[in-house]
Protein chains: 2
Amino acid sequence: MAEEKGITVKKSENFSEWYTQVVLKSGLVDYGPVQGTIAFREYAYEIWEKIREIFDKMIKKAGHKNAYFPLLIPESFLKKEAEHFKGFVPEVFWVTQAGDRKLGEKLAIRPTSETIIYHFYSKWIRSWRDLPILLNQWCNVARAEIKSTKPFIRTSEFLWQEGHTAHATKEEADKEVMKILKLYQELIENYLCIPVIVGKKSESEKFAGALYTTTLEAIMPDGKALQMGTSHNLGQNFSKAFDIKFVDKDGKEKYVWQTCWGISTRLIGAVVMVHGDDKGLILPPKIAPIQVVIVPIYYKKVERKKVLKKCKEVLEKLNKVEVRAIVDDREEYTPGWKFNEWELKGVPVRIEIGIKDIEKKQVVVARRDNFEKVILKEKELDKKILQLLESIQKNLFKRAKKFLREKITEEKDYNKFKEILEKKGGFIKACWCADPSCEKKIKEETGATIRVIPFKKEKIFSNCIYCGKEAKEVVYFARAY
Amino acid sequence: MAEEKGITVKKSENFSEWYTQVVLKSGLVDYGPVQGTIAFREYAYEIWEKIREIFDKMIKKAGHKNAYFPLLIPESFLKKEAEHFKGFVPEVFWVTQAGDRKLGEKLAIRPTSETIIYHFYSKWIRSWRDLPILLNQWCNVARAEIKSTKPFIRTSEFLWQEGHTAHATKEEADKEVMKILKLYQELIENYLCIPVIVGKKSESEKFAGALYTTTLEAIMPDGKALQMGTSHNLGQNFSKAFDIKFVDKDGKEKYVWQTCWGISTRLIGAVVMVHGDDKGLILPPKIAPIQVVIVPIYYKKVERKKVLKKCKEVLEKLNKVEVRAIVDDREEYTPGWKFNEWELKGVPVRIEIGIKDIEKKQVVVARRDNFEKVILKEKELDKKILQLLESIQKNLFKRAKKFLREKITEEKDYNKFKEILEKKGGFIKACWCADPSCEKKIKEETGATIRVIPFKKEKIFSNCIYCGKEAKEVVYFARAY
């Protein structure tokens, strides 16, 4: 499909424009006609399929099942939990008409599905025998975003999974919240190669309707934080609003404790931002739709057949060890053109095979992450390529981890805090008195919010960064997407 | 989850009520708050996951990729192809508001995605190098159904796949249409065990905007036909409406030829209808979420541990050969209660293990399809169970095939035609002059439509069943869902 040429700006110089060019030119997305919507082209969707496959396996192993609930939610359902309604109603798409009939009650396109799912839970749950309920759905959700939309990162429709569980006790719900958070961390760090800081949200940043929210926060190259996923303990807020009760073993009627948790196609945006370079995407091997591209190199027509034959042999060898490889045998493009295209698309490994390589029983291999080239013996190719993919996977995480470390600044002084935000960005580790009013003022004055209160408790090293009173928590501030 | 007891009506006596009870009581679905919407509970969704997995593999092997396009379609897009708009607009859910802003242009929730997808194709396709485009999406679609809604069969929202391809020539598009139709047939006959008649739709029954429509038609136990899937050649109708042109190898600009094709969660409803019996569901082994349920039988507490241990051993043995099995070790229910529940849920095979079986190194095995019981030696269990599942799969198809054959009646006389429709239902094979007005009158007078003009040409055996003039086609009439 008609791709334009390479990226024309540097990531370090104009990050926003760089991002836009990369996601469009690498063929990940295209803009939709409705504000903030995108088409997930096959290349992006394949990445999503990988992410879905990996996480789906994790949650199923942990006893969860998938289900699917209606897209359309009556307005009255959304209103049942007041905080939740307030949180979501400004961005709801409303259906008011079906054919040419005007509807009696407005219907929301789900911005998230708590209210519709819990309507069903209240019908399905009767006894302790029905608990826990451990359901998840992979679906689309819509939120009318007007400003600062950005493919993957903030769109009016996105794809996600939303898990919704119901338990007999708070302790069980607590455990579920943490179990999922750990699975998210495994997915994001081990598969997407993006290190995160895990912890709780402050009261003012928690999910609308939750008891508490846990989060995974990453830092992007422009110094802004990105929320990668959240896992919430909803307490009994929704079970009281939706009347979800069960008869416990002791014969008493009780409200269930609930959790919900989600990750979305936003993760693809994070992968683009964190790993990409001036040439385009760099995809972690574990989620790359194509892990290895084999490019035949020949100058005369007569060489073509021989080189292609060898390419196919190598392809088969790699397929056998389950490497996702392709041969780019298009005649209408030069090798150089192909190199550029596959670099733009972030394929982790490129193999070049020419007549001389065939004679020497070798291939030339180029890594996308650091452009290193090595020559590999044909006979040990499969083993070495697997090692190489593993090494790229590790290197990407290491690089991102180093960057994250550099982007965490500990600060006691509010003026310096503001200076850091302007000049360096990233997370500012600071002490806080736990008063929401300090948090609010900081947000108003600097645009930075408390992204996460880490689980890993750190020693309080100063008074509250804002009011100077005694501090209660060490927290991470940042400006965020 | 609080399941009520068994089915209280006979399939042969009150088919509609039987169907409703089965889909609700087996835990497949629950009704949503918005007219015609349903929740796909985990048991139904697992069946859908199986269907998706099977078909997804088929189309990927045939070179297709998945993508995802926006849910919301501007009204102006829908209007671009006049026939298409006329066909779908009466059932469109319209979004007119976002938050509290009134939208400038109404947005349709996709009833199907031709118009939004082809908007993108017109941007992406420039040259013959960009062809063919072979994309598919798995998604939800919504159509406001007011009357005769029925879980799976006709709902206001359903899940489906819609393939959308673009080709340089009509011949290529013709081939694609048939390739997909064959994959559908393989899926439906070999996996869902439902025999179908394949062929073309008549002009008046084809897809709104298509050049021609091919279809797979099955017969349900109440004698009504069910359209299982369709594969359409769209010709150049949409490429002209959406200006999808390419420069061909000869340097000339041409409109692309397009196809689209879909199957939906309706297939689950067909499985329920065709195979189920008075005890509930009967699931074909290849798509059953649980293929084997192992029920421990013990009367004294002391036996429990020993029996459960053996059950787990058998479970592991079955898991090793990739049989989807579970042990129902719930203490709060009796074996008899469990038998009923798993029969209701249509699990193909039940294994019973008691103390005496352990002593004799055997297990008791019951088939869901015909209630036959056999005793199997423990050591050959895995092999025999695999054979048994295969045999059940075949038997279900054979039974359905026999039923289909019985429900096809050849008829020359219009009065008898009407009588058959009333008394027996099913397909009526009749000769037709190919004049749409005869087709229309038959529909008005009897409610029967031409479901399919089979590819397998049959000899014309009479004049037109309606007008008595010379017949041109042998076609299959039926009343349909």
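Below is a table of values for the structure above.
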| read-out | value |
| --- | --- |
| Tail weight of P(r) past 22 Å, computed on alpha-carbon pairs of segment B:292-388, percent | 20 |
| Other copies of A:Ala82: label-to-label distances in nm, shortest first, labels 7 Å along the beta-carbon direction | 5.6 |
| For segment A:93-210, diffusion coefficient by Stokes-Einstein and Kirkwood Rh (Cα), 37 °C, 0.692 mPa s, µm²/s | 188 |
| Given A:Lys25/B:Lys61; B:Lys57/B:Lys201; B:Lys11/B:Lys150; A:Lys312/A:Lys379, the pairs whose alpha carbons are separated by over 20 Å | A:Lys25/B:Lys61; B:Lys57/B:Lys201 |
| Number of partner chain Cβ atoms within 10 Å, mean per residue of B:443-452 | 0 |
| Rel. contact order, % - alpha carbon contacts under 8 angstrom, at least six apart, segment B:408-478 | 41 |
| Cα gyration tensor of segment A:140-268 - equivalent ellipsoid semi-axes, whole Å, descending | 30, 17, 12 |
| Simple Cβ-charge dipole of segment A:376-481, Lys/Arg +1 and Asp/Glu -1, about Cα centre, in debye nearest 20 | 420 |
| Average beta-carbon neighbours from other chains, 10 Å sphere, peptide B:298-309 | 0 |
| Antiparallel content of DSSP bridges confined to chain B, in %, to 5 | 80 |
| Debye log10 I(q)/I(0) at q = 0.14, 0.20, 0.27 Å⁻¹ for segment A:408-478, Cα point scatterers | -0.34, -0.72, -1.39 |
| 32 Å Cα-Cα threshold exceeded, pairs from A:Lys10/A:Lys383; B:Lys338/B:Lys394; B:Lys418/B:Lys472; B:Lys402/B:Lys457 | A:Lys10/A:Lys383 |
| Gain on full stretching of the segment that runs from A:Ser76 to A:Glu171 - 0.36 nm per residue minus C-alpha separation | 31.1 nm |
| Potential lengthening between B:Tyr299 and B:Lys240 on full extension [0.36 nm per residue; Cα-Cα distance subtracted] | 13.9 nm |
| Positive-pole candidate from A:Phe242, A:Ala270, A:Ala144, dipole of chain A, charges at beta carbon | A:Ala270 |
| For chain A: relative contact order, % (alpha-carbon pairs under 8 angstrom, 6 or more apart) | 14 |
| In segment A:302-340, the GluC sites (Glu not before Pro) that fall in loop regions by DSSP, at most 15 other Cβ within 10 Å | A:Glu322, A:Glu331, A:Glu332 |
| Extension gain, A:Asn319 back to A:Ile146 (0.36 nm per residue minus Cα-Cα distance, nm) | 57.8 nm |
| Inter-label distance, nm, simple model (7 Å from Cα along the C-beta direction), A:Ser12/A:Lys401 | 2.4 |
| Normalised contact order of segment A:290-388, rounded percent, pairs of Cα under 8 Å and 6 or more residues apart | 31 |
| 7 Å along Cα→Cβ, label-point gaps from B:Lys305 to other copies, nm, shortest first | 7.4 |
| Kirkwood hydrodynamic radius (C-alpha pairs) into Stokes-Einstein, segment A:1-113, 4 °C and 1.567 mPa s, D in µm²/s | 71 |
| Whole-Å semi-axes of the ellipsoid equivalent to the protein assembly as shown (Cα gyration tensor, √5λ, descending) | 46, 38, 31 |
| Pairwise FRET efficiency - A:Trp128 versus A:Ser437, Cβ, R0 = 41 Å, nearest 0.05 | 0.45 |
| Filtered GluC sites (Glu not before Pro), segment A:9-102: DSSP coil and at most 14 other beta carbons within 10 Å | A:Glu13 |
| Dipole magnitude of chain B about its Cα centre (Cβ charges: Lys, Arg +1; Asp, Glu -1), debye to nearest 20 | 1120 |
| Compactness relative to 2.2 N^0.38 Å, alpha carbon Rg of segment B:15-275 | 1.03 |
| Calculated label separations, B:Glu422, copies of the chain, 7 Å along the beta-carbon direction, nm | 9.0 |
| Sorted by Cβ neighbour density within 10 Å, fewest at the top, the residues A:Ser231, A:Ser156 | A:Ser156, A:Ser231 |
| Two-site label geometry, B:Ser462 and A:Lys394: point separation in nm, points 7 Å out along Cα→Cβ | 7.9 |
| Net charge, A:Arg266 excluded, C-beta distance under 10 Å - Lys, Arg +1, Asp, Glu -1 | +2 |
| Low-density loop cleavage sites - chymotrypsin sites (Phe, Trp or Tyr not before Pro) in segment B:368-424, where at most 15 other Cβ are within 10 Å (DSSP) | B:Phe371 |
| Residue-averaged [θ]222 nm for chain B, counting only DSSP H segments that reach four residues, each worth -39500 (n - 2.57) | -11000 deg cm²/dmol |
| Rh (Kirkwood; distinct C-alpha pairs) - chain A, Å | 24.7 |
| Rounded to 5, the percent of DSSP beta bridges in segment B:292-388 classed as antiparallel | 50 |
| Test item: A:128-134 mean partner chain Cβ contacts at 10 Å | 2 |
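Quick note: the coordinates plus some simple rules give every number you see, no bench work behind them. Since the model is a prediction, treat every value here as computed from it, not as a measurement. Here Cβ is always computed from backbone atoms with ideal geometry, including for glycine, and neighbour counts include all displayed protein chains.
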